[in-house]
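To start, the structure under review is shown below, and the notes come after it.
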Amino acid sequence: MSKESGKSTVQWFVECDAFTNESIERELALRGIGYDSISRYPDMVGSDGKSHDVLLIPSTFVKKLKSARVNDKRFRFRFWKRNGSRGTMYPADFVEKKPISETEKFRAIAKRLSEISIAKKQRAKVKN
C-alpha cells in the first residue's frame, strides 16, 4: 500500500492459449510496447493452489481484451488479479453480458415507446 494514495494497486494478469498469446504480442507491437517489457510468470500460484502461466498486463489492456473476446470467440483467456505486488492472485470473474439480438433491441424500444405514449395520454387526461 502506498502512503501517497492510501490504497493498494491492483495487478492484472491474463492466462491465455497460444492463439490469444500471439494476438496479444501483435497488439503490443502495434502500440510500441515490446513483448519483452511484459512480465511473464510461468508458475504463478493462484488461489486455487495450482500453477498458472500468466502475463502481467496494464489495467488499460483488460478492457481491450474483454471487448476482443466479445467480438471474436477464438480468444481464450482468463483474468487474474491481486492487490499489491505480493500475495495470492484470484480469478477476476466479470459478469459477461450476453449480446442482445436485434429482435430483443426492437422489443425494448417498442416497449419504451409504448410507455411514453401511455404517459402522454395520462397527462392529456389530467389537463382536460
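Read-outs: derived from the displayed coordinates by stated rules, not from any lab. Note that the coordinates shown come from a computational prediction; the quantities given were computed from them, not determined experimentally. So basically every Cβ, Gly included, is an ideal-geometry build from the backbone, and we count neighbours across all protein chains shown.
Brief remarks follow.
- Amide hydrogen proximity for Thr88: with H placed 1.01 Å from N in the peptide plane, no residue at 5 or more positions away or on another chain lies under 5 Å.
- Simple label model, 7 Å out from Cα along Cβ direction - Asp17 to Arg76, nm: 0.3
- Here the residues Leu113, Leu55, Leu28, ranked from fewest to most Cβ neighbours within 10 Å of their Cβ, fall in the order Leu113, Leu28, Leu55.
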